[in-house]
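A.B. asks: Attaching a single structure in structure tokens format; questions to follow.
Every number here is computed from the coordinates shown, using simple stated rules; none is lab data. Only a predicted model underlies this, so the values are computations on that prediction, with no experimental measurement involved. Quick reminder, even Gly has a Cβ in these numbers, built from the backbone with ideal geometry, and neighbours come from all protein chains shown.
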Amino acid sequence: MDKYVCLPCGYIYDPEIGDPDNGIKPGTSFEDLPEDWTCPECYVTKDYFEKVQE
């Protein structure tokens, strides 16, 4: 599964970790995040994320 970076703040969403503080379980792909999910650091929407090129 791909990691995604928040362009405004640099937070990286790692699907292996998820976002447990906001109810997102480990193993949840970025595509499967709820539409109303926001960056836990700066609160922008998924539209501001870009796939990390590894």
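A.B. asks: Taking a cut-off of 18 Å, what percent of all Cα-Cα pairs in the chain are separated by more than that?
C.D. replies: Percentage above 18 Å: 18.
A.B. asks: Sticking with this one: Kindly rank 34-40, 5-11 from highest to lowest mean number of other beta carbons found within 10 Å of each residue.
C.D. replies: My ranking of the peptides, most packed first, is 5-11, 34-40.
A.B. asks: To continue, here is another question. For TYR48 and LYS3, calculate 0.36 nm times their separation in residues minus their Cα-Cα distance, and state this gained length in nm to one decimal.
C.D. replies: Separation in residues times 0.36 nm, less the Cα-Cα distance, equals 14.8 nm.
A.B. asks: Next up: Just to confirm a number: summing +1 for Lys and Arg and -1 for Asp and Glu over residues other than PRO34 whose beta-carbon lies under 13 angstrom from that of PRO34, what do you get?
C.D. replies: Once positives and negatives cancel, what remains is -3.
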